[in-house]
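These notes concern the structure reproduced below.
Derivation of every value follows stated rules applied to the coordinates shown; laboratory data play no part. A quick note: this is a predicted structure, and the numbers were derived from the prediction, not measured. When we count neighbours, we look across all protein chains shown, and the Cβ atoms used for this are built from the backbone with ideal geometry, even at glycine.
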Amino acid sequence: MTVPQTTEQTPTSVVLTDQAAGKVKALLDQEGRDDLRLRIAVQPGGCSGLRYQLFFDERSLDGDTVTDFGGVEVVVDRMSVPYLAGASIDFVDTIEKQGFTIDNPNAGSSCACGDSFS
């Protein structure tokens, strides 16, 4: 697993696995931009109450937590940090499923598709 280097100290933060960091890096290379970072956020919605959002973002917001995983910067906004503290982001590529997965110890329950939690 890639050892994170946090630019803003937090007690626990999101962890990006080596597989996920590699996929993010490949996607960023396809974009051809070096100003983008992976933003992970929690928004109201989904069948369980809260929904994960993963997207590339060039913005820096007040209170953002930025963690570097081998050249891949992961950004979490101030409001999402408590919901994502200790969460692990992975990338799976199997015959059954392809995509990013989130293992979140803060989720009391989640929907069957894994896109939302409470």
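Miscellaneous remarks
- In sequence order, calculated HN-Hα J values of region 51-65 (Karplus, 6.51, -1.76, 1.60; Hz; x Gly/Pro): 10, 7, 10, 10, 7, 7, 9, 9, 6, 10, 9, 4, x, 4, 9
- Loop-resident trypsin sites (Lys or Arg not before Pro) (DSSP state other than H, G, I, E or B) in region 44-110 with no more than 14 further Cβ atoms inside 10 Å of their Cβ: Arg59, Arg78, Lys97.
- Rounded, prolate or oblate (a/c below 1.5 giving rounded, otherwise prolate when a/b exceeds b/c) for region 57-99 by Cα gyration tensor: prolate
- Seen through its C-alpha gyration tensor, with square-root eigenvalues sorted a ≥ b ≥ c, region 30-83 comes out prolate because a/c lies at 1.5 or above while a/b is bigger than b/c.
- HN-Hα J in Hz across region 67-79 - Karplus 6.51, -1.76, 1.60, θ = phi - 60°, x for Gly and Pro: 10, 9, 10, x, x, 9, 8, 10, 10, 10, 6, 4, 6
- Under 5 Å, built H, 5+ apart or other chain: amide partners of Phe56: Arg39
- Amide H to amide H, with H built 1.01 Å from N, Gly49 comes under 5 Å of Phe117, counting only residues 5 or more places away or on other chains.
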